[in-house]
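What follows is a single structure, written as structure tokens, with notes after it.
The values are calculated or read from the model by the stated rules, or taken from the named source; none is laboratory data. Keep in mind the model is a prediction, meaning the values are calculated, not measured. Here the Cβ is made from the backbone with ideal geometry for all residues, glycine too, and neighbour counts use every protein chain on show.
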Amino acid sequence: MSDKLVIDFDHHNPAYRDNWAEEAEQRATHCPVAWSEAHGGYWILSKHEYVAQAADDPDSFSSSHNNPEKPWAKGILIPELPYTLALSESDPPVHHARRLIEAPYFAPVAVRQQADVVKGHVEEALDRVIHLGKLDFARDFAMRVAAKTTMALVGIDPERWEEFMLAAHKASLLPTDHPDYPIKEILNVQTKMREVLRERKEDPRKDIISALATKKAMGEPLTEDVQVGMLSAAIFGGFGTVMSATLSVLLWLENHRELYPQLLADDDLLDRLVEETLRLNPPNHGTARTVARDFELHGQQLKQGDRVLLSWAAANRDPSVFECPAEFRLDRANGKDHFSFGGGEHRCLGAPLARVEIRQMVRAVINRIPDYKIDHSQITLYPSFANTAGISSMPATFTPPAES
Ligand code: HEM
């Protein structure tokens with residue numbers, strides 16, 4: 001039996017945020033399975049192959065949380081969340097049954113029907129600021145579009161987006177055990193979710209909230225706590241992530257304006273730009289699992305109850321999968337093999353919608369404010385890259401259209 005390979009690693013530490021890219025590539029190559037003593041101790045899986053294996057094997061790597069049958073399981077965040085994300089933090093067969101309730105609303109055909117709604121939110125966000133000649137791409141644009149799109153999708157008036165999303169934004173900035181973690185605000189938002197769920201149970205419509213309020217999983221109606229937990233993942237999961245991804249694309253595009261005509265004419269090129277940006281700048285650097293049985297991986301002994309971080313960020317930079325992984329290449333043959341949307345059973349339900357949102361926002365910027373100039377001195381990153389990673393504020397100026 002070998003000793004643990006212990007590394008100095010804490011995904012909440014600002015030092016991780018500032019040095020992660022090179023470190024992630026090194027980890028994928030030299031420390032594919034390693035242990036950190038931070039936050040009570042956890043394994044970090046960094047090799048593409050092992051991350052894929054873990055995401056595909058819920059019998060060995062459990063996502064459960066607050067499950068009396070698996071008291072050792074602590075869910076998908078390290079430290080654990082003070083509430084349960086009932087879809088993300090469940091295992092098959094329960095997970096599968098719950099996912100089937102939401103899946104039709106996220107399917108590509110449903111997302112295509114949402115495209116005009118997304119476009120409306122994109123145009124509205126730009127209409128509000130275009131006469132000013134300046135905006136914050138985060139607050140005034142991508143945050144607004146992503147939040148309103150998600151609200152419309154689940155079935156809540158998009159104009160109420162700030163009521164539901166700002167607490168989640170605050171929460172994404174802090175570790176769950178931080179004294180300022182806004183748990184009261186999150187619980188307040190969840191109270192509002194309960195109100196809408198009860199209304200919709202009485203008066204169902206064709207939306208996710210009505211489905212959660214009325215449909216069954218494994219032959220049983222969902223408890224209200226499960227409904228709220230599932231709605232929380234749908235609402236909170238598709239907001240900071242889409243914002244961060246969009247800002248990363250716009251940051252890169254500022255120095256590649258010569259591609260504008262091609263990007264507008266060629267959807268495939270735009271897709272490849274989005275995927276390569278997601279690979280190199282994942283808005284979610286990793287989610288956790290709990291080891292469900294004792295076994296050995298890469299010479300390391302994993303024990304039931306051990307916490308594990310699946311490092312999507314490192315897998316995305318594994319040189320055994322991505323040639324010269326730090327290089328931005330629009331012509332990568334395997335560019336879509338990244339883990340920025342996770343993998344396996346829990347792969348992001350919102351991925352098709354996120355792609356539509358990002359593409360629409362990029363197209364609108366190219367069409368309406370093509371000469372945008374980012375104020376690089378004012379770019380702000382998320383304080384920790386543990387929950388949401390990337391840029392959280394990005395002010396820019398541009399020439400307002402003559403008629404405004
Ligand atoms: C660029 C944008 C996005 C990124 C990077 C992202 C990332 C992820 C990742 C990594 C997971 C897997 C978590 C795990 O395995 O533990 C996930 C799951 C999930 N995401 Fe996203 N997401 C994005 C957009 C969205 C959107 C727009 C929505 C909804 C409006 C959404 C809803 C969800 C849900 C419901 C799950 C749980 C799926 C399950 O457990 O079966 N996401 N996301």
### Answer residue from the range 353-403, given it is within 16 Å of the ligand (Cβ to nearest atom) and of a type in the set (Val, Ile, Thr) and is farthest from Leu263 (Cα to Cα) among those
Thr388
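Test Pro82 against the stated conditions and say whether it is in contact with a helix residue (DSSP H, G or I) (Cβ under 7 Å, 6 or more places away or on another chain), at pLDDT below 95 and surrounded by fewer than 21 Cβ atoms within 10 Å (Cβ to Cβ).
Working: in contact with a helix residue (DSSP H, G or I) (Cβ under 7 Å, 6 or more places away or on another chain): yes; at pLDDT below 95: yes; surrounded by fewer than 21 Cβ atoms within 10 Å (Cβ to Cβ): yes.
So Pro82 fits the description; yes.
Only helices (runs of 4 or more DSSP H) wholly contained in the range 1-107 count here; list those with 2 or more residues that are of a type outside the set (S, T, N, Q) and farther than 22 Å from Gly343 by Cα. Step through it out loud before you land on a result.
Numbers: elements: 14-30, 48-55, 94-106.
By residue number, 14-30.
Going through Thr176, Thr150 one at a time, which residue ends up being within 21 Å of the chain's Cα centre (by Cα) and within 27 Å of Glu124 (Cα to Cα)?
Numbers: Thr176 fails: within 27 Å of Glu124 (Cα to Cα).
One residue alone meets the criteria, Thr150.
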#### Entry: Pairs, first more than 18 Å from Lys303 (Cβ to Cβ) in the range 64-80, second of a type in the set (Asp, Glu) and surrounded by fewer than 21 Cβ atoms within 10 Å (Cβ to Cβ), C-beta under 6 Å, six or more apart
Pro79/Asp177
### Task
Could you list all residues from the range 149-184 that are of a type in the set (A, V, I, L, M, F, W, C), touching a helix residue (DSSP H, G or I) at 6+ places or on another chain (Cβ under 7 Å) and either free of Cβ contacts under 8 Å to residues at least 60 places away in the same chain or within 15 Å of the ligand (Cβ to nearest atom) (or both)?
Met151, Ala152, Leu153, Val154, Ile156, Trp161, Phe164, Met165, Ala167, Ala168
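Being surrounded by fewer than 17 Cβ atoms within 10 Å (Cβ to Cβ) and closer than 10 Å to Glu276 by Cβ is the filter; apply it to the range 331-342 and report the residue that is farthest from the chain's Cα centre (by Cα).
Of the residues in the range 331-342, the ones surrounded by fewer than 17 Cβ atoms within 10 Å (Cβ to Cβ) are 331, 333-334, 336.
Next, only the ones that are closer than 10 Å to Glu276 by Cβ stay: 331, 336.
Details: Asp331: 24, Lys336: 16 Å.
Result: Asp331.
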### Query
Residue check, Ala28 against (1) modelled with pLDDT of 95 or more; (2) out of contact with any Ser or Thr (no Cβ under 6 Å at 6 or more places or on another chain); (3) more than 15 Å from the ligand (Cβ to nearest atom), all met but one. Which one?
(2)
#### Entry: Exclusive hit being closer than 30 Å to Lys184 by Cα and free of Cβ contacts under 8 Å to residues at least 12 places away in the same chain, set Ala15, Ala38
Ala15
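Say whether the condition of being under 20 Å from Arg160 (Cβ atoms) and not aliphatic (A, V, I, L, M) is met by at least one residue in the range 207-223.
Going residue by residue through the range 207-223, those that are under 20 Å from Arg160 (Cβ atoms) are 207-213.
Next, from what is left, pick out any that are not aliphatic (A, V, I, L, M): 207, 210.
Yes - at least one qualifying residue is present in the range 207-223.
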